[in-house]
1. Against the condition among the charged types (D, E, K, R), closer than 27 Å to Arg476 by Cβ, buried (at least 18 other Cβ atoms within 10 Å of the Cβ) and under 25 Å from the mean Cα position of the chain (by Cα), how does Glu184 come out, does it pass?
2. Could you give me the residue pairs with C-beta distances under 6 Å whose first residue belongs to the range 85-99 and is in contact (Cβ under 8 Å) with a residue 24 or more places away in the chain and surrounded by 13 or more Cβ atoms within 10 Å (Cβ to Cβ), whose second residue is assigned to a loop (DSSP other than H, G, I, E, B) and small (Gly, Ala, Ser) wherever it lies, and which are 6+ apart or on separate chains?
3. If the requirement is being touching a helix residue (DSSP H, G or I) at 6+ places or on another chain (Cβ under 9 Å), surrounded by fewer than 17 Cβ atoms within 10 Å (Cβ to Cβ) and not aromatic (Phe, Trp, Tyr), which of these qualifies: Thr479, Thr490?
4. Could you please find all residues in the range 409-426 being closer than 18 Å to Leu386 by Cβ and not in a helix (DSSP H, G or I)?
5. I need every pair where a residue in the range 228-239 that is closer than 15 Å to Gly331 by Cβ has its Cβ under 9 Å from the Cβ of a residue that is among the acidic types (Asp, Glu) and surrounded by 13 or more Cβ atoms within 10 Å (Cβ to Cβ), sequence separation at least 6 or different chains.
6. Write out, first by first residue and then by second, each pair whose Cβ atoms fall under 6 Å of each other, whose residues are 6+ apart or on separate chains, and whose first residue, in the range 567-582, is basic (Lys, Arg) while the second is surrounded by fewer than 18 Cβ atoms within 10 Å (Cβ to Cβ).
7. I'm checking my understanding of the structure. Among residues of the range 340-360 that are among the β-branched types (Val, Ile, Thr) and in a strand (DSSP E or B), which one is modelled with the lowest pLDDT?
Amino acid sequence: MSPVQDNPLPDEFVLSRPLGMARAPKDFDWLKKNIPCQAACPAGTDIPAYLDAIANRDTAQAYLINLQDNVFPAVLGRVCTRPCEPVCRHGWEGLGEPVAICFSKRSAADFLKRKEPVVLDPIFPPTGKRIAVVGGGVAGLSAARELALWGHMPVVFEKYPKPGGMMVQGIPPFRLPRDVVELEIDQVVRLGVEIRCNAEIGRDVTLSDLMNEYDAVIMAAGTHKPYIPDLPGVDLDGVRHGLGFLQEVNEQHRGDVGARVVVIGGGFTAVDCARTAQRLGAESVKTYYRRSESEMYITGHEIEEMRNEGILFETMTAPVALVGEGGRVTGVRFSPTMLGEPDATGRRRPVPIPESEFEVQADTVLLGTGQVQDTSWIDRMIADALMEDGRLKTGSAQTTAVDKLFVAGDFALGAISLIDAIGHAKTCARKVDTYLMGEERLSEVAMIEDARSTGRTRAMDQIPRQPMPTLPREDRGVTDEVETGFDQDTAATEASRCYLCHYKYEIDNDLCIYCDRCLKVKPVEKCIVKVRALKYDDDGRITGYEPSTSSRDYNMLFIDQNECIRCGACADVCPVECIPLQKVSLKTVKTAEVTP
């Protein structure tokens, strides 16, 4: 490999410098475009790095990478909504199916040699600053963990007997075993986070008390207030909101639902209710959703498992009324729907089709119709400054209209996924740290490092996605985990499918002798192209190229990162070593350590 100096590079290079920390717009643009899985992850997880570690059977390193970024690796390896997978390059047209990123994350935890807590090292020394966090769910715990790493002293106030929020109250144990949750919460506690359970704000202590006692307060109380649709018959016995039903069954591992269960809704709560009711012995479980399957806030994998368990699932069907006899529900009247004009959220509004109603018999109706924030615990004077028409004024930005009061996760945005809540909470923690310390102590950089080889071959592109093994249907009880996990060989095989998009081959045209040997061995038609000129935007980012049409306008060779499979065949045959390999990673570092 040719030697490089750590100084600014000419415009024709895709990054601003050859080594070290880079912060030009083109550097962050390269990361966003070339590592789409990480860009799509709300927590910014370094996905290709941990897949690379799994492929090399270094599961301890893979788990550590996950732990640094997304706080709950073993949890998310089971129940993440996987925003990374739809954008995975391996799923692009003609390239097969996306890498099983979520299942691979789980394997990093499954194969740790010792099932003991993994505790990260502090990033900053103690500050003496105390932060109250209202809510011990995934957002509250994530924010608290980050703040503890930065030297602060977070205290989490949890209303319920156990911390974990929806991880223990909403998600059934057959999807998320409780020992997995408990271990990863313990890892947060061992960093110095104090969790006070059975501590209800508004009853045991007021928000004003917290504001007076602590240097900052984060509201991360989740969405635990059921949304009950305005339907005739909704007060009949046998009609229950899904969250309360799941909380009860998750705690007691039993429940009476009768023979016929109807579930209304199309989110995780609805699907979890249906699968739980089936495990409790219901003879018939039917789920109805008023929009199309493509508009559901849920992964197709969960729908597939629900259907595999014999549960009927109908879309484009909305409830019109609940019917009953003697004060108890006996059925639900539905109407098929069609999608009309968009509503306030931009989603097309379901419209009932006239004169098409039908009735479905039911002994129990479970409403998977969502939850909203309960703000009754907020002191009146604070609420007047925070609320407008029953909603937080500035929730999405993590700050509020009240000094030193912040907001994170579901409580800010409404019911969102675990990974979205973690990402939002991490941003909230950064804003709290900046508020407390008067400066931004952390910064993002593109870290550029020399590398020798990716270890990838063309044959790896042809490996099919590995299926997740599951329990037989007849063995699936209320607490039996359905997905049994990859073995180590399967995990390594699946991870090897990753294109390792964080590696970069690039031709130094000042050294190139244009022997065309790289063109003769390239495995993909357009991974290396003859170029007339590169295209740039106003910030110096390369936006494309003009292909050469003849020897007269053949000015340079260019590696198209979208087409490159990171195999290194071009570098191996280059006689002048003009195709160096580097690893480029998005890193969060101390601002004081950022090089100019």
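The values are calculated or read from the model by the stated rules, or taken from the named source; none is laboratory data. Here the structure is a predicted model, which is why all the values come from computation and not from measurement. Please note: Cβ atoms are built from the backbone with ideal geometry, for glycine as well, and neighbour counts cover all protein chains shown.
1. yes
2. The qualifying pairs are His90/Gly96.
3. So the residue among Thr479, Thr490 that is touching a helix residue (DSSP H, G or I) at 6+ places or on another chain (Cβ under 9 Å), surrounded by fewer than 17 Cβ atoms within 10 Å (Cβ to Cβ) and not aromatic (Phe, Trp, Tyr) is Thr479.
4. Gly409, Gly414 - these are the residues of the range 409-426 that are closer than 18 Å to Leu386 by Cβ and not in a helix (DSSP H, G or I).
5. Here the result reads Gly238/Asp363, each pair linking the range 228-239 to a residue that is among the acidic types (Asp, Glu) and surrounded by 13 or more Cβ atoms within 10 Å (Cβ to Cβ).
6. none
7. Across the range 340-360, the extreme among qualifying residues is Val351.
Table: residues versus (1) out of contact with any Leu (no Cβ under 8 Å at 6 or more places or on another chain); (2) in the same structural domain as Phe406 (by TED's automatic domain parsing); (3) closer than 30 Å to Met437 by Cβ.
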| residue | (1), (2), (3) |
| --- | --- |
| Trp92 | yes, no, no |
| Leu95 | yes, no, no |
| Ser142 | yes, yes, yes |
| Arg145 | no, yes, yes |
